[in-house]
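What follows is one structure encoded as structure tokens, with my remarks underneath.
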Amino acid sequence: MQTVANFDRIGEENAFAVLARANALAAGGMDVINLGIGQPDFPTPPHIVEAAVKAMRDGHHGYTAATGIPELRQAVSADLYRRFGADVNPDTVLIVPGGKVTMFAAILMFGEPGAEIMYPDPGFPIYRSMIEFTGATPVPIPIREDKGFAVSAEETLSLITEKTRLIILNSPANPCGGVTPKAEIDQLVTGLADHPEVAIMSDEIYDQILYDGEEHVTLLNYPEIRNRLILLNGWSKTYAMTGWRLGYSVWPETLYDKARKLAVNAWSCVNTPSQYAALAALTGPQDAVNEMVQAFDKRRKVVVDLLNAMPGVSCVVPKGAFYAFPNIAGTGWPAKKLAAALLEETGVATIGGPDFGILGEGYIRVSYANSEENIRRALGRMHDFLSK
Ligand SMILES: Cc1ncc(COP(=O)(O)O)c(C=O)c1O
């Protein structure tokens, strides 16, 4: 058989393997509580579901433009203006099948052997997987607990070389729940003036899931980098729509047509009823978003308190997204072994920190996108397990 070297390099997202194992254990009769997968436990708000049903009834069954329906691209632009005062030309908005697709497109565009792409570590595992797939060299940007899991501008800038082609940023962040402060982003953008060839992909998919009065700082509001900024965003987390496969990107004008061509080659367009649902999400009432964030906030406090009460565990308070990233080094367990033992022996699914990068050793990711009752039951089991 021929070699398929690039496909030997592709990685994956272990949260899906853990989900499959958790489902298998549950099917075998185990009472499994899933704090592994990162998706809201709420249903998609009913008015959004109705919009998709109406689109189907109204006969929206065919392809749309590869870039998405014009009303939706317009609505994305209006939403970014409403929330951030950001000026986004709808002709630079691409509707894509999930947040992941923007990272796929951006990394494919800049990645090739000899190129370096910087990405957060610990970070969303697909960044590194895709970088390796393209043959580019992955350069981790360390995300450190003692910095509150925020990006350090100084350290990031120090890692740029003449081979750097793309820097991936993510705030609020998966898996650590960190939020990078505006001062740090200001410093980073100022430093990037010395590297005018380096592109930036800002993954802002958790931009509405913030706590303690934190306000989201979008990279869209830095005009000096707009000609090389790709914004990744979408509906999955904000509107509890992970299964609808919806996302959007904002591209520099010079790159937009290349991204459009990738869409034509790979997915033609996002499924049409989903696009009408996405339109209803952006233009309809936002109460459900606020209610979900309030619920996550309440659970966040429960999770942090319960984790900090466990022997050998300490947990910084996450400022965004819906993940806690407790330090478990004091338990003596390697992180992936602990996550596996928790699932197999107590029925609690979490993800080992190393699944998010080299610096993830010593941590596990606990998603609090689950009911408070389930969180209390799961962390009670974890406490008992670690007290043995
Ligand atoms: C940081 C980050 N970016 C992107 C995604 C992908 O989102 P989607 O499900 O819309 O592809 C996720 C999903 O977990 C994520 O955590």
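Candidates in segment 122-151 are the residues that are touching an Asp or Glu at 6+ places or on another chain (Cβ under 7 Å) and small (G, A, S); of these, the one that is farthest from the ligand (Cβ to nearest atom) is G135. Within segment 32-42, none of the residues are open to solvent by 60 Å² or more (accessible area, probe 1.4 Å), out of contact with any helix residue (DSSP H, G or I) (no Cβ under 6 Å at 6 or more places or on another chain) and more than 16 Å from the ligand (Cβ to nearest atom).
Taking segment 208-218 as the search range and keeping residues that are open to solvent by less than 10 Å² (accessible area, probe 1.4 Å) and within 16 Å of the ligand (Cβ to nearest atom), which one is nearest to A281 (Cα to Cα)? Ranking the candidates gives I209 first. For segment 244-262, filtered to residues that are out of contact with any Ser or Thr (no Cβ under 8 Å at 6 or more places or on another chain) and in contact (Cβ under 8 Å) with a residue 40 or more places away in the chain, the residue that is surrounded by the fewest Cβ atoms within 10 Å (Cβ to Cβ) is K258.
For segment 263-283, the candidate set comprises residues that are hydrophobic (A, V, I, L, M, F, W, C) and not in a helix (DSSP H, G or I); within that set, the residue that is least open to solvent (accessible area, probe 1.4 Å) is V270.
Can you find a residue in segment 349-368 that is open to solvent by 40 Å² or more (accessible area, probe 1.4 Å), without any contact (Cβ under 8 Å) to a residue 60 or more places away in the chain, acidic (D, E) and not in a helix (DSSP H, G or I)? Checking segment 349-368: at least one residue is open to solvent by 40 Å² or more (accessible area, probe 1.4 Å), without any contact (Cβ under 8 Å) to a residue 60 or more places away in the chain, acidic (D, E) and not in a helix (DSSP H, G or I). Looking across segment 130-142 at every residue that is in contact with a strand residue (DSSP E or B) (Cβ under 9 Å, 6 or more places away or on another chain) and over 21 Å from G177 (Cβ atoms), the one that is surrounded by the fewest Cβ atoms within 10 Å (Cβ to Cβ) is identified as T137. The set of residues in segment 308-319 that are touching a Gly at 6+ places or on another chain (Cβ under 6 Å) and outside any loop (DSSP other than H, G, I, E, B) is empty. Any residue at all in segment 103-117 that's open to solvent by 10 Å² or more (accessible area, probe 1.4 Å), within 16 Å of the ligand (Cβ to nearest atom), under 15 Å from the mean Cα position of the chain (by Cα) and assigned by TED's automatic domain parsing to the domain that holds P172? Yes - at least one qualifying residue is present in segment 103-117. Scanning segment 137-167 for residues that are touching a Pro at 6+ places or on another chain (Cβ under 7 Å) and over 17 Å from G320 (Cα atoms) yields a count of 2.
Within segment 58-93, the residues that satisfy the criterion of being open to solvent by less than 50 Å² (accessible area, probe 1.4 Å) and part of a helix (DSSP H, G or I) are L72, R73, A75, V76, S77, D79, L80, F84, P90, T92. In segment 1-30, the residue that is farthest from the ligand (Cβ to nearest atom) out of those that are assigned to a loop (DSSP other than H, G, I, E, B) and open to solvent by less than 80 Å² (accessible area, probe 1.4 Å) is G29. Of all residues in segment 37-80, those being within 29 Å of D297 (Cβ to Cβ) and touching a residue at least 24 places away in the same chain (Cβ under 8 Å) number 20.
Annotation note: Cβ proximity below 9 Å between a residue of segment 108-119 that is in contact (Cβ under 8 Å) with a residue 40 or more places away in the chain and more than 11 Å from M130 (Cα to Cα) and a residue that is among the acidic types (D, E) and open to solvent by less than 50 Å² (accessible area, probe 1.4 Å) (sequence gap 6+ or interchain) occurs for no pair. Residue count for segment 160-187 satisfying the condition of being open to solvent by less than 50 Å² (accessible area, probe 1.4 Å), more than 19 Å from the chain's Cα centre (by Cα) and either within 14 Å of the ligand (Cβ to nearest atom) or closer than 19 Å to M103 by Cβ (or both): 1.
Listed by first and then second residue, the pairs linking a residue in segment 297-311 that is in the same structural domain as F322 (by TED's automatic domain parsing) to a residue that is among the charged types (D, E, K, R), with Cβ atoms under 9 Å apart and 6 or more places separating them unless they lie on different chains, are D297/D212; K298/E372; R299/E372; V302/E372; V302/R376; L306/R376.
Return yes or no: is S268 away from the ligand (no atom under 13 Å from the Cβ), polar (S, T, N, Q) and in contact (Cβ under 8 Å) with a residue 24 or more places away in the chain? Here the answer is yes, as S268 does meet what is asked.
Taking V53, is it closer than 30 Å to Q294 by Cβ, surrounded by 15 or more Cβ atoms within 10 Å (Cβ to Cβ), modelled with pLDDT of 95 or more and not polar (S, T, N, Q)? In short, no.
The values are calculated or read from the model by the stated rules, or taken from the named source; none is laboratory data. Because the structure is a prediction, the values reported are computed rather than measured. Here Cβ is always computed from backbone atoms with ideal geometry, including for glycine, and neighbour counts include all displayed protein chains. The protein model used for the area step is the full one, side chains on, heavy atoms only, and it has no ligands, DNA or RNA in it. Shrake-Rupley method; radii C 1.70, N 1.55, O 1.52, S 1.80 Å.
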